[in-house]
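Worksheet for the structure shown next.
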Amino acid sequence: MKRIIVFYLFCLSVVHCFASPVSLSQEIYEEATRISETMRETHYDHHIIIDEKQGYYSLDCSGFVCHILQKKAPMSLRVLPVDKHHTHARAQNFYDYFKSLQNVSSQKEWMPILRVKDLEEGDIIAWKYDPSLQKKDTGHVVIVQQKPLLEEGNLYRIRVIDSSKGKHANDTRAKENDGIGSGDMWFRVDESDYPIGLYWSSKEKKESQHPIAMGRALK
């Protein structure tokens, strides 16, 4: 009997050694999903207030992503640029940094994603608003919750998790609520499968065209 137990424990150790480790993107996805499913109250606000014990999250899109990166990928968060007079990277910083990676041969903390079809759960999409639009936000940043689904020749549907004032399609946020939630968006791509346009809540509405970049945290 003792030999059987020893052999069983040995087999378990072998399986553990060869099991595929959970990727960092998967950990980011799982943490974002956990928060969205267990939180008790959330609001969209540029002034960040988080009380995890009480399940309270008041933050904007970049604050939400940075909070998760701080827990799961602190080294990736550390290299992101931060604007003067701000405490964390904003949407435009995510975009600028991801875009800069496309001209770098090797990168330890982040990997640029150049094709929408290569996005995985937990990857990050950021886009930047033109200053001439005079928006209060610099852009928007989301976490991929489900792998992209190609619906038409150049249009993908992607379910994302974010902190937002507005609702996406099939959104989990109640009609009167903002803050953290998940929903469907659509991204139009060019011939190289790079995103060049987006639909916030319906592909029947007017397409928004903003510079878009994508990245995967590595550390």
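The values are calculated or read from the model by the stated rules, or taken from the named source; none is laboratory data. Keep in mind the model is a prediction, meaning the values are calculated, not measured. Quick reminder, even Gly has a Cβ in these numbers, built from the backbone with ideal geometry, and neighbours come from all protein chains shown.
Of the conditions (1) at pLDDT below 95; (2) outside any helix (DSSP H, G or I), Ser132 fails just one. Which one is it?
So the condition that Ser132 fails would be (2).
Go through the residues of the range 151-159 one by one and say whether even a single one is more than 27 Å from Leu77 (Cα to Cα) and in contact (Cβ under 8 Å) with a residue 60 or more places away in the chain.
Within the range 151-159, not a single residue is more than 27 Å from Leu77 (Cα to Cα) and in contact (Cβ under 8 Å) with a residue 60 or more places away in the chain.
Name the single residue, out of those in the range 183-206 being in contact with a Leu (Cβ under 7 Å, 6 or more places away or on another chain) and farther than 25 Å from Ser76 by Cβ, that is modelled with the lowest pLDDT.
The initial filter retains those residues of the range 183-206 that are in contact with a Leu (Cβ under 7 Å, 6 or more places away or on another chain), namely 185-188, 194, 203.
Adding the requirement that they be farther than 25 Å from Ser76 by Cβ leaves 186, 188, 203.
Values: Trp186: 98, Arg188: 98, Lys203: 90.
Across the range 183-206, the extreme among qualifying residues is Lys203.
So Ile143 fits all but one of (1) under 21 Å from Glu207 (Cβ atoms); (2) touching a Gly at 6+ places or on another chain (Cβ under 7 Å); what number is the exception?
Among (1) under 21 Å from Glu207 (Cβ atoms); (2) touching a Gly at 6+ places or on another chain (Cβ under 7 Å), the lone unmet condition for Ile143 is (1).
Please work out if Gln107 is at negative phi and either buried (at least 19 other Cβ atoms within 10 Å of the Cβ) or of a type in the set (Gly, Ala, Ser) (or both).
no
So which residues in the range 94-120 are modelled with pLDDT of 95 or more, closer than 21 Å to Ser23 by Cα and not aliphatic (A, V, I, L, M)?
Within the range 94-120, Phe94, Phe98, Glu109, Trp110, Pro112, Arg115, Lys117, Asp118, Glu120 qualify.
Output the residues belonging to the range 161-178 that are surrounded by fewer than 22 Cβ atoms within 10 Å (Cβ to Cβ) and within 25 Å of Leu77 (Cβ to Cβ).
If the condition is that a residue be surrounded by fewer than 22 Cβ atoms within 10 Å (Cβ to Cβ) and within 25 Å of Leu77 (Cβ to Cβ), then Lys165, Asp178 are the ones that fit.
Would you say Lys147 is without any contact (Cβ under 8 Å) to a residue 60 or more places away in the chain and in contact with a His (Cβ under 9 Å, 6 or more places away or on another chain)? Explain how you work it out, then say what you get.
Values: without any contact (Cβ under 8 Å) to a residue 60 or more places away in the chain: yes; in contact with a His (Cβ under 9 Å, 6 or more places away or on another chain): no.
Spelling it out, it is not the case that Lys147 is without any contact (Cβ under 8 Å) to a residue 60 or more places away in the chain and in contact with a His (Cβ under 9 Å, 6 or more places away or on another chain).
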